[in-house]
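Down below is the structure, laid out as structure tokens.
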Amino acid sequence: MVTSGSSFTGMGGKKIIIIGSAHPLRGGGIATFNERLARQFTNEGFNTKIYSFTLQYPGFLFPGKSQFTDEPAPQGLNIISRINSINPFNWIKVGREIKKQKPDIVVVRYWIPFMGPCLGSILRIIKKNKHSKIICIADNVIPHEKRIGDKIFTRYFIKPVDAFIIMSKQVMNDLRSFTTTKKAVLLPHPLYDNFGNKISKDEARKNLGLKNDDAIILFFGFIRKYKGLDILLDAMQILNIHQQTKNIKLLIAGELYDDCKPYNEQIKKTGIIDNLILHTNFIKDSDVKNYLCAADVVIQPYRNATQSGVTPLAYHFEVPMIVTNVGGLPAMVPHDKAGLVAEPNAISIAEKITEYFKKGEDYFLPQLIEEKKKLSWARMTASILELANND
């Protein structure tokens with residue numbers, strides 16, 4: 001908790017600027033996180049702004065259909081779209097603009113080394129005001145999909161940062177391979193509680209046109225190689241061979257960020273098309289609760305992971321999970337409590353799906369609800385304030 005003598009109490013117009021994706025960028029969980037964090041700071045009495053991007057990724061680096069959403073802007077948030085990730089003259093301009101405002105705290109998101117030169121340059125200029133404390137929330141330090149220059153860009157980014165919030169042990173270990181002296185706090189990813197309240201399973205399935213008598217496994221979010229959808233499809237084939245998929249449906253909900261051809265070929269080869277419900281388009285914020293509340297279980301068959309924004313979504317809507325034993329997933333989903341932990345292979349995942357439906361949703365819900373209580377946004381803001389105070 002923040003000490004009573006804190007200079008960042010939220011009184012007297014203290015300024016906080018969050019640098020990262022926000023509306024109208026989709027940005028996946030990162031934009032959602034930034035907006036929810038800004039709302040928390042605003043509710044606590046801080047003068048809060050988000051500096052987002054006019055250009056986040058050049059087209060060749062963005063695998064989806066569009067970087068922008070057509071949904072309405074979140075109410076009550078001050079979002080300034082200003083940063084061009086590939087224009088150094090823009091970095092200087094934005095850095096000077098923020099430096100001049102003298103925010104008490106700058107919270108910067110770091111999730112991919114591509115952003116290292118842009119964000120690192122902006123932060124260096126801000127630091128010249130000798131006032132602002134820079135706190136980084138790092139989703140990744142070493143990315144899932146590695147590229148030339150990753151280490152150089154990350155090293156450049158880290159230098160002007162005062163302290164870090166980390167959301168998984170793996171990312172903490174990765175950070176410590178770059179710096180052992182900068183302060184860092186390990187916190188669980190807070191709940192995504194800004195997608196509305198939980199609705200009944202019957203209502204959610206009606207909204208999506210799904211059958212009430214199906215057992216629905218939900219794979220949710222952008223589809224990328226490291227998330228292991230191909231492993232899950234093989235697990236579904238194993239269940240099919242053993243005639244255990246009569247009423248089990250795998251609902252795949254999210255936009256493809258990979259080539260669809262290998263998945264289509266795999267589905268045809270495995271003969272599981274009748275057990276799949278394919279909603280492979282971008283899921284709007286207004287539809288998120290329908291997908292989560294329609295599911296009997298959320299599954300994350302990842303090959304590797306740091307943490308996942310799907311996990312706090314499942315906690316918010318109180319849906320048990322099956323996750324693989326990689327990165328920070330097992331710590332977020334205690335085995336046989338909030339769900340089950342499988343090894344990242346098709347046989348183990350198939351076994352855990354079978355075990356889950358034998359035990360039933362009611363077996364997990366009481367313990368999942370207890371775990372959910374740990375994931376508050378107030379804890380996140382308090383930790384940021386304390387790091388800024390004590391640095």
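Read-outs throughout are calculated quantities, based only on the coordinates presented, and are distinct from any laboratory measurement. Quick caveat, the model's predicted, so the values are computed rather than measured. Using ideal geometry, Cβ is built from the backbone for each residue, glycine included, and neighbour counts are taken over all protein chains shown.
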So what is the relative contact order of the stretch 322-376, in percent, for Cα pairs below 8 Å that sit 6 or more residues apart?
-> 32 percent
With a Cα-only, solvent-free Debye model of the stretch 201-372, what are the log10 I(q)/I(0) values at q = 0.09, 0.13, 0.17 Å⁻¹?
-> -0.26, -0.56, -1.04
The chain - percent relative contact order, Cα under 8 Å, separation 6 or more | 16 percent
Computed D for the stretch 105-198, Stokes-Einstein, Kirkwood radius over alpha-carbon pairs, 4 °C, 1.567 mPa s, to the nearest µm² per second, is 93 µm²/s
Residue by residue through the stretch 213-225, the couplings from Karplus 6.51 cos²θ - 1.76 cosθ + 1.60 with θ = phi - 60°, in Hz, x for Gly and Pro, are 8, 7, 8, 10, 9, 10, 9, 10, x, 3, 9, 9, 3
Work out the length of the dipole vector of the stretch 201-372 about its Cα centre, built from +1 on the beta-carbon of each Lys and Arg and -1 on the beta-carbon of each Asp and Glu, and round it to the nearest 20 debye.
-> 280 debye
Kindly state, to the nearest 0.05, the FRET efficiency for N129 paired with T54, given R0 = 25 Å and r defined as their beta-carbon distance.
-> 0.60
Options V298, F222, G327, ranked by Cα towards positive dipole end of the stretch 201-372, top entry (Cβ charges) | F222
So what's the chain giving for Cα Rg divided by 2.2 N^0.38 Å, two decimals?
-> 1.00
Only Cα pairs under 8 Å and at least 6 apart count here; give the relative contact order of the stretch 201-372 as a rounded whole percent.
-> 24 percent
Gain in length, F178 to K337, computed as 0.36 nm per residue apart minus the alpha-carbon separation, to one decimal in nm?
-> 53.8 nm
In nm, give the distance between the simple-model label positions of A382 and K225, each being 7 Å from the Cα along the Cα-to-Cβ direction.
-> 4.2 nm
Amide H proximity to I19 below 5 Å, modelled H, separation 5+ or other chain, gives Y51, V107, V108, R109
Inter-part gap, Cα centre of the stretch 345-384 to Cα centre of the stretch 151-216, in whole angstrom, is 14 Å
Could you give the dipole magnitude of the chain about its Cα centre, charging the beta-carbon of Lys and Arg +1 and that of Asp and Glu -1, in debye to the nearest 20?
-> 1880 debye
Calculate how steeply helix 229-241 sits against the longest principal axis of the alpha-carbon atoms of the chain, using the helix alpha-carbon long axis, and give the answer as 0 to 90 degrees to the nearest 10.
-> 20 degrees
Specify which residue in the list I134, T42, L340 is farthest towards the positive end of the charge dipole of the chain, using unit charges on the beta carbon of Lys, Arg (+1) and Asp, Glu (-1), about the Cα centre.
-> I134
Which of the trypsin sites (Lys or Arg not before Pro) across the stretch 267-347 are loop residues per DSSP, with 13 or fewer other Cβ within 10 Å?
-> K284
Quickly estimate the mean residue ellipticity at 222 nm for the chain, helices only: each DSSP H run with n ≥ 4 gives -39500 (n - 2.57), and the total goes over all residues, rounded to 500.
-> -11500 deg cm²/dmol
